[in-house]
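K.L.:
After the structure tokens below, expect a handful of questions from me.
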């Protein structure tokens with residue numbers, strides 16, 4: 001009896017299992033699917049097939065009688081045969097086939113039958129798009145059916161409101177009027193008419209740019225035959241020259257020249273940067289993080305450097321964690337922040353693989369003093385960047401994709417930017433793994449990718465001139481060139497002396513380069529442009545030779561006047577070789593530079609293009625001896641010690657324990 005029960009139970013379970021499988025003929029399918037959405041066929045008609053998959057009962061029907069379907073219903077999967085009649089018409093006709101399942105979403109297949117005339121049919125000839133959107137959504141797809149080879153003949157751009165716009169309004173936005181569509185290439189429109197005039201259907205992708213003008217943009221794309229002997233007809237059989245695809249883009253919100261306009265500009269920029277930051281629009285702009293406003297008590301307002309209209313307007317704004325895509329530029333709305341003094345944008349996703357344009361708009365900011373473009377992906381500067389030279393004091397271009405120094409110094413130099421104090425080109429590497437520059441090919445690539453800022457500054461090399469431009473820049477207080485692919489030997493004292501003479505600069509330190517204690521007390525800011533006469537007077541002397549290691553002794557007037565007021569110079573983690581010259585070893589702020597870490601220290605395990613191990617041969621990274629620089633003992637009040645360049649520095653860097 002027990003065995004009978006067991007057998008019966010087993011049969012029941014098996015029956016349940018079989019029944020379960022039968023109820024789910026199409027595992028993984030919920031509803032109904034078809035293997036195509038579009039069918040195009042010629043005037044002669046013919047047969048087509050549609051594969052149907054479903055997990056339930058379905059039924060199908062055609063919207064026009066010239067299509068017959070068999071089978072017209074079923075359960076589970078099937079292949080439906082379509083019989084399409086021929087047509088006597090000269091123009092195309094369309095029908096829809098609907099596949100339905102109870103309680104499930106229907107599937108539609110569109111059938112387009114061409115007549116005997118030559119036609120280009122656009123499924124949706126009127127396309128409407130937003131003024132802006134994220135990069136991945138800034139495109140649309142046009143479904144085009146045709147029985148001839150076609151191309152884009154021309155595109156007519158205009159503003160919908162043009163008839164009512166003044167000449168001034170037209171001039172203000174003329175740069176936004178045209179060329180905002182990226183058209184497909186000719187090869188993207190090619191079709192294989194291997195069966196004569198049998199029509200084909202393709203999907204064509206159009207990418208669009210964001211609209212920042214407060215006007216509706218319209219583009220009329222004219223589709224024309226490739227062969228001029230092909231004559232088009234419209235839906236009524238009338239001859240036409242082109243089929244028009246019309247794209248209408250909504251207008252942008254108008255950003256006005258006031259405080260409300262500034263807040264709208266900040267929000268719009270943040271959206272277009274796809275930043276992970278947010279601004280609480282329910283709060284006053286005074287309380288927004290990363291934003292400051294001009295106030296009536298600011299000295300720039302009081303002195304008249306800025307007009308009174310700037311009060312309450314945006315003074316600084318910062319963005320971070322952005323996601324601009326390859327080929328994009330900084331949002332053009334930045335031009336509306338007309339009183340901006342400081343602007344910062346940082347950390348673009350995958351910046352080593354993306355090339356971002358700075359854009360022209362930022363170059364028109366009249367009051368901009370501080371600009372940070374950190375790890376964004378720019379590899380060049382627009383020529384109009386020179387317009388920022390009148391005011392700019394701090395420029396941070398860290399971690400971008402510049403290929404050479406000259407790309408920057410041809411525009412950013414002492415002649416064009418006389419007020420610049422801080423310049424950073426640190427970390428402009430597009431790869432983090434390269435240690436051997438002999439592996440870089442002639443196109444400045446490693447493993448098929450651009451490597452970033454790679455230059456040889458050795459004597460006779462083209463980029464040496466760009467490097468010397470930086471060294472002869474008097475007003476720079478900070479110059480950062482660390483963590484790039486800079487190789488070669490640093491310019492010698494003789495070379496920088498020649499460069500100083502060519503630039504019309506003093507070759508050695510002058511009396512005018514120094515301030516006294518009295519001058520410092522009267523004008524504290526004097527230290528930015530001058531050196532302490534008490535501490536660094538050796539530079540003016542010729543009677544106290546100082547010897548570094550076993551090199552020839554030098555006197556104060558022998559030291560070239562290179563970057564005379566620079567408190568910070570960073571050359572570390574590059575691929576430099578040779579000797580550290582005296583213009584570095586005896587610079588009046590050399591000890592401030594933390595030279596062991598931030599100058600001497602080159603790429604660990606690095607090799608230059610010649611395969612030579614990098615690093616300097618006249619400095620000790622472990623036990624560097626500063627005795628020539630500030631001596632071995634406290635000089636007391638003595639400003640001069642034989643054989644020592646700057647004895648008073650001993651009290652600052654040794655007795656204060658700020659240097660080993």
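K.L.:
Go through segment 66-112 and report how many residues are under 52 Å from the mean Cα position of the chain (by Cα) and over 26 Å from residue 199 (Cα atoms).
P.N.:
Here the count works out to 10.
K.L.:
Same structure, new question: Name every residue in segment 403-415 that is in a loop (DSSP other than H, G, I, E, B) and touching a residue at least 12 places away in the same chain (Cβ under 8 Å), in order of residue number. Spell out the reasoning first.
P.N.:
Filtering segment 403-415 down to residues in a loop (DSSP other than H, G, I, E, B) leaves 403-405, 410-415.
403, 404, 405, 410, 411, 412, 413, 414, listed by residue number.
To keep it simple, each residue is scored yes or no on (1) buried (at least 18 other Cβ atoms within 10 Å of the Cβ); (2) part of a loop (DSSP other than H, G, I, E, B); (3) at pLDDT below 95.
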{"site": "521", "(1), (2), (3)": "no, no, yes"}
{"site": "576", "(1), (2), (3)": "yes, no, no"}
{"site": "592", "(1), (2), (3)": "no, no, no"}
{"site": "597", "(1), (2), (3)": "no, no, no"}
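K.L.:
Here is a list of conditions, (1) surrounded by fewer than 21 Cβ atoms within 10 Å (Cβ to Cβ); (2) outside any loop (DSSP other than H, G, I, E, B), and residue 496 meets all of them except one; can you say which number that is?
P.N.:
(1)
K.L.:
Among the listed residues 314, 345, which satisfies the condition of being over 21 Å from the mean Cα position of the chain (by Cα), buried (at least 17 other Cβ atoms within 10 Å of the Cβ) and closer than 17 Å to residue 268 by Cα? Working first, answer last.
P.N.:
On the way: 345 fails: over 21 Å from the mean Cα position of the chain (by Cα).
So the residue among 314, 345 that is over 21 Å from the mean Cα position of the chain (by Cα), buried (at least 17 other Cβ atoms within 10 Å of the Cβ) and closer than 17 Å to residue 268 by Cα is 314.
K.L.:
Does residue 488 qualify as being out of contact with any helix residue (DSSP H, G or I) (no Cβ under 7 Å at 6 or more places or on another chain), touching a residue at least 40 places away in the same chain (Cβ under 8 Å) and either in a loop (DSSP other than H, G, I, E, B) or buried (at least 18 other Cβ atoms within 10 Å of the Cβ) (or both)?
P.N.:
Yes; evaluated as a whole, the condition is true for this residue.
K.L.:
Next question. Do we have residue 187 as surrounded by 13 or more Cβ atoms within 10 Å (Cβ to Cβ) and assigned to a helix (DSSP H, G or I) here?
P.N.:
No; evaluated as a whole, the condition is false for this residue.
K.L.:
In segment 555-574, which residues are more than 25 Å from residue 399 (Cβ to Cβ) and part of a loop (DSSP other than H, G, I, E, B)?
P.N.:
555, 559, 560, 561, 562, 564, 565
K.L.:
Taking residue 418 as the residue in question, decide whether it is surrounded by 15 or more Cβ atoms within 10 Å (Cβ to Cβ), part of a loop (DSSP other than H, G, I, E, B) and at pLDDT 95 or above.
P.N.:
no
K.L.:
For the subset of segment 267-299 comprising residues that are touching a helix residue (DSSP H, G or I) at 6+ places or on another chain (Cβ under 8 Å) and assigned to a helix (DSSP H, G or I), which member is nearest to residue 183 (Cα to Cα)?
P.N.:
The qualifying residue nearest to residue 183 (Cα to Cα) is 272.
K.L.:
When segment 245-256 is examined, which residues are found to be surrounded by fewer than 16 Cβ atoms within 10 Å (Cβ to Cβ) and either at pLDDT 95 or above or touching a strand residue (DSSP E or B) at 6+ places or on another chain (Cβ under 9 Å) (or both)?
P.N.:
Selection gives 246, 248, 250.
K.L.:
Tell me which of these residue 623 doesn't satisfy, since it passes every other one: (1) surrounded by fewer than 22 Cβ atoms within 10 Å (Cβ to Cβ); (2) without any contact (Cβ under 8 Å) to a residue 60 or more places away in the chain; (3) assigned to a loop (DSSP other than H, G, I, E, B); (4) touching a helix residue (DSSP H, G or I) at 6+ places or on another chain (Cβ under 8 Å).
P.N.:
(4)
K.L.:
Restricting to segment 503-519, name every residue that is surrounded by fewer than 11 Cβ atoms within 10 Å (Cβ to Cβ) and farther than 16 Å from residue 475 by Cα.
P.N.:
Going residue by residue through segment 503-519, those that are surrounded by fewer than 11 Cβ atoms within 10 Å (Cβ to Cβ) are 504, 511-512, 517-518.
Residues satisfying the conditions are 511, 517, 518.
K.L.:
Return a yes/no flag: does segment 212-222 have any residue that is buried (at least 18 other Cβ atoms within 10 Å of the Cβ) and either under 28 Å from residue 346 (Cβ atoms) or outside the structural domain of residue 124 (by TED's automatic domain parsing) (or both).
P.N.:
yes
K.L.:
Can you name the number of the only condition in (1) under 30 Å from residue 187 (Cβ atoms); (2) crowded, with 16+ Cβ neighbours inside 10 Å; (3) touching a residue at least 60 places away in the same chain (Cβ under 8 Å) that residue 107 fails?
P.N.:
Answer for residue 107: the failing condition is (1).
K.L.:
Which condition from (1) at pLDDT 95 or above; (2) loosely packed, with under 13 Cβ neighbours inside 10 Å is the one that residue 174 breaks?
P.N.:
Unmet condition: (1).
K.L.:
Take residue 551 and tell me if it is farther than 30 Å from residue 446 by Cα, in a loop (DSSP other than H, G, I, E, B) and in contact (Cβ under 8 Å) with a residue 24 or more places away in the chain.
P.N.:
yes
K.L.:
Now for a separate question. Test of understanding: among 230, 179, 167, 234, which residue is within 28 Å of residue 330 (Cα to Cα) and touching a residue at least 12 places away in the same chain (Cβ under 8 Å)? Write out each step before concluding.
P.N.:
On the way: 230 fails: within 28 Å of residue 330 (Cα to Cα); 167 fails: touching a residue at least 12 places away in the same chain (Cβ under 8 Å); 234 fails: within 28 Å of residue 330 (Cα to Cα).
Result of the check over 230, 179, 167, 234: 179.
K.L.:
Let me ask something additional. Test residue 143 against the stated conditions and say whether it is over 30 Å from residue 331 (Cα atoms) and in a strand (DSSP E or B). Don't jump to the end; show me each part of the working.
P.N.:
On the way: over 30 Å from residue 331 (Cα atoms): yes; in a strand (DSSP E or B): yes.
Yes, satisfied.
K.L.:
State all residues of segment 436-462 that are surrounded by 19 or more Cβ atoms within 10 Å (Cβ to Cβ) and in a helix (DSSP H, G or I); if no residue qualifies, say none.
P.N.:
437 - this is the single residue of segment 436-462 that is surrounded by 19 or more Cβ atoms within 10 Å (Cβ to Cβ) and in a helix (DSSP H, G or I).
The values are calculated or read from the model by the stated rules, or taken from the named source; none is laboratory data. Quick caveat: nothing in here was measured; it's all calculated off a predicted structure. Note that each Cβ is placed from the backbone with ideal geometry, even for glycine, and that neighbours are counted across all protein chains shown.
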